[in-house]
Amino acid sequence: MFSQSISSSPYSLYGLGSLYDSDFGSIPATGSSGMALPSDNFINNLNPASLGYLPLNHFMFDIGGKAIATTYQSSSKTEKRNNFQFSHIAFAFPVTKNSAFSAALRPYSSAAFKISNLKLPIENSQEFYYLTAAGSGGLNNFDFSYGYRFGNKLSLGLTGTALFGSTTDERSYVVSNSLTTIHKETSYKGVRATLGTQYKIDSTFTIASTFKAPSRVKATKVQSVESITGGVESVFEYNKASDTDDYYLPLEIGIGISKRFKNNLNMTLDYEKSLWNDTNQSELFGNFVNQDRFALGFIFKAKKDTRSYWDKIQYSAGANFDTGYLEVDGKRINNAAISVGLSLPIENTFSALNISYSYGQKGKVSDNLIKENYHKISLNLSLDGIWFVKRKFE
């Protein structure tokens with residue numbers, strides 16, 4: 001199996017496609033860790049409870065994109081692909097001095113792949129068939145979040161998510177002298193809830209947790225099926241609308257910590273467990289399995305109050321490891337990455353241009369599997385405006 005995709009992984013063949021990594025602010029530079037960070041100078045999309053620390057009268061806006069260079073490697077060939085992807089757009093503003101609201105739109109998954117002449121065994125037989133497949137589309141993620149802070153230590157948050165989108169999948173199966181073609185367009189829609197907490201042990205140490213509720217994403221399809229055998233064409237279905245198997249999102253539980261050292265070095269550590277086994281889903285070419293994700297990050301800023309622009313720059317680094325939620329031929333499709341980045345301040349507000357670089361590997365070269373080596377540059381523009389202030393001078 002080998003991908004000819006221009007915008008996604010060959011593993012987007014499975015389920016709803018490859019899940020997007022859409023992080024706001026400087027989070028891409030910290031290995032996608034930061035569940036316990038407050039939204040005091042940027043929008044933290046990892047935990048809605050962080051909104052309880054949004055400064056009063058500040059309106060925050062965040063938009064981002066990614067440039068990705070990927071090398072796909074199989075046991076027989078290597079191919080390179082470059083692409084640029086929209087990441088997210090989001091805004092947040094305070095409702096009271098202890099609470100805030102945010103809304104964000106970002107891709108949830110991407111299904112973009114092309115596979116040619118994949119040789120596969122016929123079950124309970126010594127014969128083989130050949131598969132050619134191409135797909136496109138994906139799901140969008142529209143979040144509405146609210147966070148409230150109780151006193152100076154505890155903050156709670158809730159996110160309501162609307163998932164919607166469609167995928168197109170065209171597959172051809174060749175068995176002996178018979179060609180069967182299936183064209184399918186599937187539409188999805190669903191909702192999901194996330195609960196988040198943050199608790200300050202002291203001024204330098206914060207713990208956090210998130211709970212993403214399991215959810216069903218309803219699906220409907222329009223499908224055409226035709227076959228050619230011995231030069232005779234037969235049409236079995238033509239644009240037939242019907243229900244199809246719904247997609248199930250698992251219960252996801254996350255915990256995180258944030259620890260500050262000597263006022264200028266901050267460490268973040270996150271762990272997340274996704275219980276895919278409980279969704280009882282499987283794919284023709286693989287299975288869904290429980291997923292573990294570990295992320296570690298460091299943030300360094302020379303001085304808090306300084307006139308020097310260079311001392312205001314924030315430096316970040318991180319790493320993460322993800323066991324993956326797919327198992328193909330008994331092998332996990334895991335992912336590991338390291339990252340570094342800068343947060344360049346704009347004027348004398350919380351506004352900043354966040355630049356990060358990541359290098360990672362996904363999958364492995366084994367049997368029919370693909371190994372991905374990728375270089376990723378993320379650009380996030382975080383803008384801060386002072387709103388809702390009554391004029392003192394006309």
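The values are calculated or read from the model by the stated rules, or taken from the named source; none is laboratory data. Bear in mind the structure is a predicted one, so any value in this text is a computation, not a measurement. Please note: Cβ atoms are built from the backbone with ideal geometry, for glycine as well, and neighbour counts cover all protein chains shown. These accessible areas exclude ligands, DNA and RNA; they are computed on the full protein's heavy atoms, side chains included. Shrake-Rupley method; radii C 1.70, N 1.55, O 1.52, S 1.80 Å.
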*Taking segment 350-366 as the region of interest, how many residues are under 30 Å from Lys80 (Cα atoms) and either charged (D, E, K, R) or assigned to a loop (DSSP other than H, G, I, E, B) (or both)?*
4
*Which of the residues that make up segment 166-207 are more than 20 Å from the chain's Cα centre (by Cα), aliphatic (A, V, I, L, M) and closer than 30 Å to Leu269 by Cα?*
Ile201, Ile207
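Identify, from the list Pro94, Pro121, the residue that is in contact with a Leu (Cβ under 6 Å, 6 or more places away or on another chain) and surrounded by fewer than 24 Cβ atoms within 10 Å (Cβ to Cβ). Spell out how you get there, then give the answer.
Details: Pro121 fails: in contact with a Leu (Cβ under 6 Å, 6 or more places away or on another chain).
After applying the criteria, what remains is Pro94.
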*Considering Arg293, Arg260, which residue is touching a strand residue (DSSP E or B) at 6+ places or on another chain (Cβ under 6 Å), assigned to a strand (DSSP E or B), of a type in the set (Lys, Arg) and open to solvent by 70 Å² or more (accessible area, probe 1.4 Å)?*
Arg260
*When you go through (1) within 20 Å of Ala337 (Cβ to Cβ); (2) surrounded by 15 or more Cβ atoms within 10 Å (Cβ to Cβ) one by one for Ala134, which number turns out not to apply?*
(1)
*Give the number of residues within segment 138-160 that are open to solvent by less than 50 Å² (accessible area, probe 1.4 Å), touching a helix residue (DSSP H, G or I) at 6+ places or on another chain (Cβ under 9 Å) and farther than 15 Å from Asn47 by Cβ.*
1
*Are there any pairs with C-beta distances below 9 angstrom linking a residue in segment 176-191 that is farther than 19 Å from Ala134 by Cα to a residue that is small (Gly, Ala, Ser) and open to solvent by 60 Å² or more (accessible area, probe 1.4 Å), with the two at least 6 apart or on different chains, and if so which?*
Asn177/Gly230; Ser178/Gly230
*Could you look through segment 263-290, keep only residues that are among the aliphatic types (A, V, I, L, M) and part of a loop (DSSP other than H, G, I, E, B), and pick out the one that is nearest to Leu118 (Cα to Cα)?*
Leu284
*Of these, Leu46, Leu105, Leu54, which one is closer than 13 Å to Ser145 by Cβ, in contact with a Phe, Trp or Tyr (Cβ under 6 Å, 6 or more places away or on another chain) and not basic (Lys, Arg)?*
Leu105
_Filtered residue count, segment 346-375, keeping only those that are crowded, with 19+ Cβ neighbours inside 10 Å and more than 25 Å from Trp310 (Cα to Cα)_ = 5
*In the list Glu347, Glu327, which residue meets the criterion of being assigned to a strand (DSSP E or B) and at pLDDT below 90?*
Glu327
_Quick check on this structure: which one of Asn335, Asn368 is over 30 Å from Ala92 (Cα atoms), at pLDDT below 80 and not hydrophobic (A, V, I, L, M, F, W, C)?_
Asn368
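From Tyr309, Tyr325, which residue is open to solvent by 50 Å² or more (accessible area, probe 1.4 Å) and in contact (Cβ under 8 Å) with a residue 24 or more places away in the chain? Step through it out loud before you land on a result.
On the way: Tyr325 fails: open to solvent by 50 Å² or more (accessible area, probe 1.4 Å).
Only one candidate qualifies: Tyr309.
Would you tally the residues in segment 161-170 being surrounded by 17 or more Cβ atoms within 10 Å (Cβ to Cβ) and out of contact with any Asp or Glu (no Cβ under 7 Å at 6 or more places or on another chain)?
Final tally of qualifying residues: 4.
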*Restricting to segment 97-106, what's the tally of residues that are under 26 Å from the mean Cα position of the chain (by Cα) and open to solvent by 20 Å² or more (accessible area, probe 1.4 Å)?*
3
*From Leu46, Leu37, which residue is open to solvent by 30 Å² or more (accessible area, probe 1.4 Å), over 20 Å from Thr96 (Cβ atoms) and either modelled with pLDDT of 85 or more or out of contact with any Gly (no Cβ under 8 Å at 6 or more places or on another chain) (or both)?*
Leu46
*Subset of segment 49-78 [open to solvent by 30 Å² or more (accessible area, probe 1.4 Å), modelled with pLDDT under 85 and out of contact with any Asp or Glu (no Cβ under 9 Å at 6 or more places or on another chain)]*: Ser76, Lys77, Thr78
*For Gly165, indicate whether it is closer than 30 Å to Ser203 by Cα, of a type outside the set (S, T, N, Q) and touching a Gly at 6+ places or on another chain (Cβ under 7 Å).*
no
*asked:* Looking at segment 276-287 only, could you name the residues that are surrounded by 16 or more Cβ atoms within 10 Å (Cβ to Cβ) and in contact with a Pro (Cβ under 8 Å, 6 or more places away or on another chain)?
replied: Trp276, Thr279
*Within segment 246-257, can you find the residues that are closer than 23 Å to Gly190 by Cα and either in a strand (DSSP E or B) or not hydrophobic (A, V, I, L, M, F, W, C) (or both)?*
Asp246, Tyr247, Tyr248, Leu249, Pro250, Glu252, Ile253, Gly254
